[in-house]
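What follows is calculated from the coordinates using simple rules that are stated; it is not laboratory data. For clarity, every value in this text was computed on a predicted model and none was experimentally measured. All Cβ positions, glycine included, derive from the backbone under ideal geometry; neighbour counts span all protein chains shown.
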Amino acid sequence: MRRSPRSRETPQARVPRSQPLVRRAPADGRAPRHPVIDVRAVTKVFDLGQIRVRALRNVSLRVETGDLLAIMGSSGSGKSTLMNILGCLDLPTSGRYLIDGVDVRDMDEDDLADLRNRKIGFVFQSFNLVPRTSALVNVELPLAYAGLRGAARRGRAERALRSVGMGNRMNHQPSELSGGQQQRVAVARALVTNPSLILADEPTGNLDSHSTEEVLRIFAHLNEEGRTVVLITHEPDVAEQSKRVIRLSDGEVVEDRRTLGVLDAPPPLQRQKSAHRRPLGAPVTEAQR
Ligand SMILES: Nc1ncnc2c1ncn2[C@@H]1O[C@H](COP(=O)(O)OP(=O)(O)OP(=O)(O)O)[C@@H](O)[C@H]1O
Ligand SMILES: [Mg+2]
């Protein structure tokens, strides 16, 4: 397997200090040469011995830098499976996935880990914060993995927390924070490495309408800065806050609808309707899908 020169660098050299990872559109308005995400006829089959689950069937999807994409579809339609592939957490069974023009098949484990750490910020429905550990230390973790030390790490984590309005809760542990606050810490952790691609799997699924608005506002801001944002949601009013919606059904893309251009500003934030929001932990009904 090919190893990139980067994987031989010292760990400290992996986190850029001065050069942002965000690629902005060229001044002449031309689209960047490679889409940030280029999924080509991807299939994912889970082989469980007796049964084979075809979670993705021939999915093709191109996402340009700066887009704000919502992925919808009913439970089991393949959304998280696709997200895991987009985030290089899993590989397709067949087909190709190119990220910024590079085929993930040509990368070894080091390259993939490096890519995930440098380029991609993940946000999950269940926050995935480390319990009994302060917000600040949670946000520092990706920088620790990247080899950044001491004061620089702390300073960047503090700035990320302030940027999501959590400057006054840095020393709180997850259990001392509301759901919306925990998700904002998780967003800070996702953006502390300055990733150009944010992948969020139902980031508002466990939030009330007020916290949902706050998290959507942060995503809109990140997108305005030029970052590509892909989020999975069951909620139509959350999907309305994107520039483009794709819908999966039985592992296939059945709808691809664009409402705003890639380089347009994100839609102005609509008040989140509370009617279809469910209380924490309640099962998802068909009407909410
Ligand atoms: N690791 C796995 N092993 C076996 N089957 C899996 C695995 N992960 C997902 N699947 C199956 O693949 C299909 C797609 O699952 P996926 O998690 O992508 O759905 P989803 O659209 O994210 O659903 P939800 O809205 O409930 O989160 C489902 O039938 C699921 O049971
Ligand atoms: Mg899922």
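What nm distance separates the two modelled labels at Arg40 and Arg149, each placed 7 Å from Cα along Cα→Cβ?
Distance between label points: 4.4 nm.
Given Cβ point charges of +1 (Lys, Arg) and -1 (Asp, Glu) and nothing else, what value in debye, to the nearest 20, does the dipole of the stretch 56-134 about its Cα centre take?
On the way: 9 positive and 11 negative charges, 89 e Å.
With only Lys, Arg, Asp and Glu charged at Cβ, the dipole is about 420 debye.
Give me Tyr97, Tyr145 sorted ascending by neighbouring Cβ count inside 10 Å, so fewest comes first.
In increasing order of surrounding Cβ atoms, one gets Tyr145, Tyr97.
How much FRET efficiency would the formula 1/(1 + (r/R0)^6) give for Ser249 and Glu176, where r is the Cβ-Cβ distance and R0 is 41 Å, rounded to 0.05?
Here the calculated transfer efficiency is 0.50.
If you average the alpha carbon positions of the stretch 148-163 and of the stretch 253-268, how far apart do those two centres end up, in angstrom?
Between the Cα centre of the stretch 148-163 and that of the stretch 253-268, the gap is 33 Å.
Reachable aspartates and glutamates from Lys243, Cα under 13 Å, same-chain residues fewer than 8 places away excluded?
Leaving aside aspartates and glutamates fewer than 8 places away in the same chain, those within reach of Lys243 are Glu64, Asp67, Glu224, Asp256, Asp264.
Taking the Cα centre of the stretch 92-147 as the origin, how large is its charge dipole in debye, to the nearest 20, when only Lys and Arg (+1) and Asp and Glu (-1) carry charge on their Cβ atoms?
Result for the stretch 92-147 is approximately 340 debye, rounded to the nearest 20.
Among Ala190, Thr133, Leu177, flag the residue with its Cα farthest along the positive direction of the charge dipole of the stretch 114-190, charges on Cβ as +1 for Lys/Arg and -1 for Asp/Glu.
Ala190
Label-point separation (nm) for His210 and Val130, each offset 7 Å from Cα along Cα-to-Cβ?
Placing both labels 7 Å along Cα→Cβ, they lie 3.1 nm apart.
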